[in-house]
1. Can you name the residue in the stretch 109-127 that is polar (S, T, N, Q) and in contact (Cβ under 8 Å) with a residue 60 or more places away in the chain and, of all such residues, is surrounded by the most Cβ atoms within 10 Å (Cβ to Cβ)?
2. If we keep just the residues of the stretch 112-136 that are under 16 Å from residue 83 (Cα atoms) and among the aliphatic types (A, V, I, L, M), which is farthest from the chain's Cα centre (by Cα)?
3. Looking only at the stretch 50-65, filter to residues that are over 12 Å from residue 120 (Cα atoms) and touching a residue at least 40 places away in the same chain (Cβ under 8 Å); which one of those is surrounded by the most Cβ atoms within 10 Å (Cβ to Cβ)?
4. Against the definition (loosely packed, with under 15 Cβ neighbours inside 10 Å, modelled with pLDDT of 75 or more, over 17 Å from the mean Cα position of the chain (by Cα) and more than 23 Å from residue 104 (Cβ to Cβ)), how does residue 70 come out, yes or no?
5. In the stretch 72-108, how many are among the β-branched types (Val, Ile, Thr) and in contact (Cβ under 8 Å) with a residue 40 or more places away in the chain?
6. I'm told residue 85 meets every condition in (1) modelled with pLDDT of 90 or more; (2) within 13 Å of the chain's Cα centre (by Cα) except one. Can you identify the failing condition by its number?
7. Return the total of residues in the stretch 102-122 being over 24 Å from residue 28 (Cβ atoms) and assigned to a strand (DSSP E or B).
8. I'm checking my understanding of the structure. Among residues of the stretch 73-108 that are touching a Gly at 6+ places or on another chain (Cβ under 9 Å) and of a type in the set (A, V, I, L, M, F, W, C), which one is surrounded by the fewest Cβ atoms within 10 Å (Cβ to Cβ)?
Amino acid sequence: MILDFFSPFGYSIKSSDFKSNGERIYFTATSDSGNPIIASTAQMTMHGGMLSCAECHGTDGKGGTGRMMMWSFEAPDIRYSTLTAAHDEEQTYTDDLIKRAITKGIDSSGKRLELPMPVWQMSEVDFNDLLDFLKTLKPAYLGISIWICRDPFLPIPLLFVT
């Protein structure tokens, strides 16, 4: 089954563009099965891909500064390698704690996640597909990301370290 829909970014996406259902859920908040995926935050409920994980956490899951309406926020790094690494200030995430964070809005230490993180409703199969996709996101190495950019006007590539 190939489904087409328009993303909030103004381009058409086909279900065949994704390698897995989990990847599709991460980028579009829609499922190959057609089961609804619903995001609830504050007093809003969003259906059918109006908001996705990638919009706040980025295409690589690394997070960063996001903007929503008239304010900005820091979206955390949600790569599986980062979530499951030992942290001084909070409990390490397990698969069950990741599920609780996504579906109940509660972090690994039992505290409510900050806005604008929505509470997501999805089937068990869809959640497992999403978790499997999170496990494929590239791991963090010492908190460093390296980007190489080729500028057609410069003789050598630019190297960015963040």
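1. Restricting to residues being polar (S, T, N, Q) and in contact (Cβ under 8 Å) with a residue 60 or more places away in the chain, the top hit is 121.
2. 113
3. 61
4. yes
5. Looking only at that region, the number is 2.
6. (2)
7. The number of residues fulfilling the criteria is 2.
8. This residue is 73.
The values are calculated or read from the model by the stated rules, or taken from the named source; none is laboratory data. Every value quoted in this text rests on a predicted model; they were computed, and no experiment measured them. Cβ coordinates were reconstructed from backbone atoms using ideal geometry, including for glycine residues, and neighbour counts include every protein chain displayed.
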